[in-house]
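Novice: Okay, handing you the structure first.
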Amino acid sequence: MGKAQPWVNNTTWLEYFGNNYNAQSNDDGFYAVVGYLNFGVNTRLKGRGFQFLSVSTRLDGQMLPQGTSSVCDYNEDGEVSPQEEASCQHGNDARIERFILRLEHKRFNLFVGDFNVNFGRGLALSVRKKSNIGVDSTVKGARLDIKTKPLKLIGLFGVGNRQQSDSATRQLFADPGYPHALCDGMDSLTENEYGNRMWTMCSDIIGAVRAEAKLPGKVKAAAHYGNMWFGLLDEATEQHEALHFVGGDISRARIFKKWDFFGGATAIMRNYHHKENHPVLVDDGLGAYVSNNISLGNLNLLVEGKYYDNYVLSRDTAPLTVQYTEAPTLEREDQQVPAAANAAGPSYASPTPYPREVLPCTRIRWATCSRTTTMTTCGKARTPCGCFTPSSAWTGTMLIAAPASS
C-alpha cells in the first residue's frame, strides 16, 4: 500500500434570491447560506492487481438567516399557519449527502455508497447530476464492474438518492419514493420528512446488470436488464408499483474512417405482478434511438432517429424528481418538444466548420401534434414553438448551414 493522502475541502457561500417572477412574492428577496464540507483519504495500492482506494464523504448544509416567517407565509398575512408550515419546503437542513468508497483493481472496480450510472447513452438507465434544473442524483448502494478483454460486466443494487437542497430555489425535496412503503412503522428511519440524514434509505429500490462485449470488426454490443421497486403506493389501489426493463445496443466507430454508428432499444414492463388482480396498473413502453455521425472532409453530417412509446421509467414524471433515464431528444435543450415520452421522428444536421460569425444558418423544425402548433421567431431562426401534446407525436429538427459567400 502506498502513502495515504487525507484531504479536506470546504465551500461556503451566500446566496440572494430576488424576484423569481412567479405568482407569489413570499419566496422573493431571501438569503441562504450554503455549505459543502468534503473530506476523505486516497491511497495507491500495490500488489495483487490492486491499484487505487478512495474513501470520501460530503456534508451538505443550508441556513436561511432570516428564518422562514416570510418565505413560508403564502397568503402574506404576516403569520405562518400550521398548514403553511406543513407545506413549506424552505428551511434549514444538514445531512451526510454523499459517501463514496472506490476500489480499483486491474480486473474490477468496486463502488460502495453513491455512484452514477449510464446504460446505452442514457436511453436505458441514467442517474447523474443535472445542474440546469438543480437535481443532483445518484444511486446509493453498491456497484461492481468486472473487466476482461472481450467482455465487461456491470452489476448494481441500491436506492435512488437526490440532493435534498435544490440549487435553483433552495427548496428541500424528498428522495425519490420516500418514505418507501416497506418502511412503514420504522419511525427511526423516516422521522425526517425529506430523507434519512445519515444514509439514504426507504426510497426507490434499483437493481440492474449490463454486459458489454467487443465483437469482431470493432463492433461493440451490449445487453441490459433492470428492476425497480417504487417507494410510493398507487393512490387508487394502494398497491406497490414496480417495473422491469430489458434491452440492448450496438455501436461501431470509424466505419470506413468516416462513420460512427449507434443504435439501441429498451422495453419497459410495468406492474406485471398485478396482471391478475389489478390489470389497470399493467403497462408497457418502448424506447429506440439511432445515431449516425458521418465526417466528409469539411462537412459533418449527423442523422438521428427516435421512437418513444410510453417510455417513462420513473413513477413520477415531474422534472424535479429522478427520472432514471435520459432518452436522447434530438433537439437542443432549449428547443426540446414536451411530452418526449411519446414521440418519434428523424433529425438531420449538416453544419460546416467555418467561423461562426460568417456562417448564416437556416434552421427548420417541424412537429405534428394533437394541438395547434404556432409559428414564432426563436432567435434568428423561424421555428414552430409551443407544441404541447400528451399523446404520441412526430417531432424532429433539421439544420442546414453553409459558408457565407465571399
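Novice: Being under 21 Å from GLY247 (Cα atoms) and of a type in the set (D, E, K, R) is the filter; apply it to the range 295-325 and report the residue that is surrounded by the most Cβ atoms within 10 Å (Cβ to Cβ).
Specialist: Selected residue: LYS306.
Novice: Name the residues in the range 130-161 that are out of contact with any Asp or Glu (no Cβ under 8 Å at 6 or more places or on another chain), polar (S, T, N, Q) and assigned to a strand (DSSP E or B), would you?
Specialist: SER137
Novice: Please count how many residues of the range 159-216 are crowded, with 20+ Cβ neighbours inside 10 Å, among the polar types (S, T, N, Q) and farther than 15 Å from VAL139 by Cβ.
Specialist: 3
Novice: Also: Regarding ALA213, is this residue at negative phi and in contact with a Pro (Cβ under 7 Å, 6 or more places away or on another chain)?
Specialist: Working: at negative phi: yes; in contact with a Pro (Cβ under 7 Å, 6 or more places away or on another chain): yes.
When the stated conditions are applied, ALA213 passes them.
Novice: Related question: Right, VAL117: within 30 Å of TYR308 (Cα to Cα), surrounded by fewer than 23 Cβ atoms within 10 Å (Cβ to Cβ), out of contact with any Lys or Arg (no Cβ under 9 Å at 6 or more places or on another chain) and not acidic (Asp, Glu) or not?
Specialist: On the way: within 30 Å of TYR308 (Cα to Cα): yes; surrounded by fewer than 23 Cβ atoms within 10 Å (Cβ to Cβ): yes; out of contact with any Lys or Arg (no Cβ under 9 Å at 6 or more places or on another chain): no; not acidic (Asp, Glu): yes.
Here the answer is no, as VAL117 does not meet what is asked.
Novice: Just a yes or no: is a residue in the range 65-83 of a type outside the set (Lys, Arg) and assigned to a helix (DSSP H, G or I)? It would help to see each step written out before you state the result.
Specialist: First pass over the range 65-83, keeping only residues of a type outside the set (Lys, Arg): 65-83.
So of that shortlist, the ones also assigned to a helix (DSSP H, G or I) come out as 82-83.
Yes - at least one qualifying residue is present in the range 65-83.
Novice: Determine whether GLN62 is modelled with pLDDT under 95, assigned to a strand (DSSP E or B) and not hydrophobic (A, V, I, L, M, F, W, C).
Specialist: On the way: modelled with pLDDT under 95: no; assigned to a strand (DSSP E or B): yes; not hydrophobic (A, V, I, L, M, F, W, C): yes.
No, not satisfied.
Novice: Return the pair list, or none, for Cβ contacts closer than 6 Å from residues in the range 113-132 that are on the phi > 0 side of the Ramachandran plot to residues that are surrounded by fewer than 22 Cβ atoms within 10 Å (Cβ to Cβ), at least 6 apart or on different chains.
Specialist: As it stands, the answer is GLY113/PHE99; GLY113/ILE100; GLY113/LEU101; GLY122/GLU326, since those pairs meet every condition given.
Novice: Something else now. LEU125 is checked against (1) crowded, with 18+ Cβ neighbours inside 10 Å; (2) more than 26 Å from the chain's Cα centre (by Cα); (3) within 30 Å of VAL209 (Cα to Cα) and fails just one. What number does that condition carry?
Specialist: (2)
Novice: For LEU232, which of the numbered conditions (1) in a strand (DSSP E or B); (2) touching a His at 6+ places or on another chain (Cβ under 9 Å); (3) of a type in the set (A, V, I, L, M); (4) buried (at least 16 other Cβ atoms within 10 Å of the Cβ) fails to hold?
Specialist: (1)
Novice: May I pose another question? Please determine, by comparing only the residues of the range 1-50 that are among the aliphatic types (A, V, I, L, M), loosely packed, with under 12 Cβ neighbours inside 10 Å and assigned to a loop (DSSP other than H, G, I, E, B), which one is farthest from the chain's Cα centre (by Cα). Give the derivation first.
Specialist: Here is the first cut: in the range 1-50, the ones among the aliphatic types (A, V, I, L, M) are 1, 4, 8, 14, 23, 32-34, 37, 41, 45.
Filter again for loosely packed, with under 12 Cβ neighbours inside 10 Å, leaving 1, 4, 8, 14, 23.
Still in the running and assigned to a loop (DSSP other than H, G, I, E, B): 1, 4, 23.
Values: MET1: 36, ALA4: 34, ALA23: 28 Å.
Step by step, filter the range 1-50, then rank; the result is MET1.
The values are calculated or read from the model by the stated rules, or taken from the named source; none is laboratory data. Since the model is a prediction, treat every value here as computed from it, not as a measurement. Cβ coordinates were reconstructed from backbone atoms using ideal geometry, including for glycine residues, and neighbour counts include every protein chain displayed.
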